[in-house]
Amino acid sequence: MPFTPVLAFENVSFSYGSVPVLENASFSILERESVCIVGPNGGGKTTLVKLVLGLLEPSAGEIRVFGGSPKAVRPRIGYMPQHLLYDPLFPVTVRDIVLMGRLKSGGVRGFFGWPDGEDRDAAADALRRVGMEDFCRRSFSSLSGGQRQRVLIARALAGRPDLLLLDEPTASVDTLVEARLLDLLRELNERMTIAMVTHDLGFVAEMVEKVVCVNRRVVVHSTADISGEMIHDIYGGHVRMVRHDGERG
Amino acid sequence: MNDFFQAIVDPDFPLLRYALLMGLLSSAAMGVVGSYVVTRRITYIAAAISHCVLGGIGAAVYCQSVLGWQWFDPLYGALASALLSALLMGFVSLYAKQREDTVISAVWSVGMAVGLLFLSRSPPSVDAMSYLFGSIVLVSQEDLWLVVVLDAVVAAVGVGFYPKFLALCFDEEFAELRGVRPKAYYLLLLCLTALAVVLLMRIVGIILVVALFTLPPAVAGQFARRLWQMMLWAVLFCALFINVGIAVSYRQNLPSGPVIVLLAGGTYLLAAIGKKRFG
């Protein structure tokens, strides 16, 4: 049986008009692997995520997700966007949001979008997994940043995905919440492939195996060899490094 | 107040009854569509559609009075121009690379200009002011039937697709990833908005009708925790504003539209202050 990676980019380029954002990107993510996507602002991280979701089409090259085109496999991808973008006044409860992750397109129910018993069970299950089941009747606007983050992860999980794609899960979350988020992601990683965009390498270094560095070009590093050169690659400049193991660099 | 209630039951004065009934019925569509319009943040598009309706009304009045097309009721003209302007703005904002707010201003003012030109060429007996600011004198029994049908269609479509509209208004990109076609539903929402504009234009007038899209859901939004609760309260507030507004304007011999809108605006102000102080 030929071996298919969960995600494969082959010589993918993308540009907004005449501005190139990605050039000749080739990399792949294997099943149950966890990777983190890093790079400077404007380096193309979010573009890469949107290409994986099929919201953007590459101008050259090919993207295969689960061996198919991104659009065709959307139901197998759970996506969590950055939560900063929401209208804080929107009248919606936690359960309403998680049920959005169960919307589907076929059948009469799919046509109108009303959830059935199975959808409600899946939503409740997803909320339990992120530890937010007691909040299902709360309004989204009354939650803290970390709680909202968890709700959006639950929405991504409600569709029972095989690939979880997280955009900046640690943005506006304090250290304590970060630690709990990491535990959750580790647990989820036993069942699904996880790819996340982050600024915060320290957050993921102990969990992920691969770091996909995006700065117009894409370079993949293994976390085993995080070095000054790699940090330079990622952030595109000189960064003062602090080593935590007592050695002086 | 007594003479108002006497007027309601007066068999020789059906206009007031029609107006009250029309207000009550249209509130259903208004609350449902208005809540989507407010949460999707497209109230300015609703305003542009309602102003554009003058173009259709003007054309219909001209055809009726000058060309003698008696069947061409202003209501049909209003319906056609509302739907046309909604689709035009929808397609332009989705597909053309133009600034959306510029297109909205253009459609808004060109629609009104067309209407004013047609009205200037029509006999002066037609009271343009009644269309602009609303008057219950315009309501007839045939209109009432059309309003019932439109209202039922708009409310049924709005409620039927609730889960999809909710997902789209909250997070369009995510809804698209779950198989909801955002462009199609955006155009559908604009068409529902256009129909709702036509429902209430006789009572409130086309210039002020946007207030009934915005203010009842805005008042409801001060305390509603879910979108359907916002809708339900918006329907109730809308019905209340229209009926109390008509009663007051009848008693004081004032145009109904401005009275209704002042009532709605005042309530919103009080609700917002109340939330700030006690909420």
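Taken together, the values in this text are just the output of simple stated rules run on the coordinates, not laboratory data. Computed from a predicted structure; not experimentally measured. FYI the Cβ positions are ideal-geometry reconstructions off the backbone, even for glycines, and counts take in every protein chain you see.
For the protein assembly as shown, what does the alpha-carbon gyration tensor say about shape, rounded, prolate or oblate, given a ≥ b ≥ c as the root eigenvalues, a/c under 1.5 as rounded, and a/b over b/c as prolate? Since a/c reaches 1.5 and a/b is larger than b/c, the shape of the protein assembly as shown is classed as prolate. Placing a label point 7 Å from the Cα of B:Leu94 along the Cα-to-Cβ direction, no residue of the stretch B:20-48 has its backbone N under 14 Å from that point.
On full extension, the segment bounded by A:Thr4 and A:Glu23 gains 4.5 nm, given 0.36 nm per residue less the C-alpha separation. Think of the stretch B:1-139 as a dipole: +1 on every Lys or Arg Cβ, -1 on every Asp or Glu Cβ, centred on the Cα centre; then among B:Val137, B:Cys52, B:Met30, B:Cys52 lies furthest on the positive end. In a DSSP loop and with at most 12 other Cβ atoms within 10 Å, the trypsin sites (Lys or Arg not before Pro) in the stretch B:1-84 are B:Arg41. Put simply, the amide H of A:Tyr79, placed in the peptide plane, has neighbours under 5 Å in A:Leu165, leaving out anything fewer than 5 places away on its chain. Going 7 Å from the Cα of B:Ala272 toward and past its Cβ, which residues in the stretch B:208-234 have a backbone nitrogen under 15 Å from where you end up? Only B:211-212, B:214-223 pass the distance filter.
Look at A:Glu33, B:Glu142 and count the other Cβ atoms within 10 Å of each Cβ; fewest to most, that gives B:Glu142, A:Glu33. Kindly express, to the nearest 10 degrees and within the range 0 to 90, the angle between helix A:117-129's C-alpha long axis and the longest C-alpha principal axis of chain A. So the inclination is approximately 50 degrees. Extending 7 Å from Cα along the Cβ direction at B:Ile8 and again at A:Arg120 yields two label points whose distance is 3.9 nm.
When the trypsin sites (Lys or Arg not before Pro) in the stretch A:102-160 are filtered for DSSP coil states and for at most 13 other beta-carbon atoms within 10 Å of their beta-carbon, the remaining sites are A:Arg137. Taking label points 7 Å from Cα along the Cα-to-Cβ direction, B:Leu236 and A:Asp200 give a separation of 4.3 nm.
For chain B, the percent of C-alpha pairs falling in each 5 Å distance bin, counted from 0 to the bin holding the largest distance, reads 1, 6, 12, 17, 18, 17, 13, 9, 4, 2, 1, 0. Rounded to the nearest 10 degrees, the angle from helix A:145-158 to the longest Cα principal axis of chain A is 70 degrees. For the set A:Lys50/B:Lys183; A:Lys45/A:Lys104; A:Lys45/B:Lys97; A:Lys71/A:Lys104, the pairs lying more than 20 angstrom apart at their alpha carbons are A:Lys45/A:Lys104; A:Lys45/B:Lys97. The longest part of chain B holding none of the exposed loop chymotrypsin sites (Phe, Trp or Tyr not before Pro), meaning those outside H, G, I, E and B in DSSP with at most 12 other Cβ atoms within 10 Å, is B:72-279.
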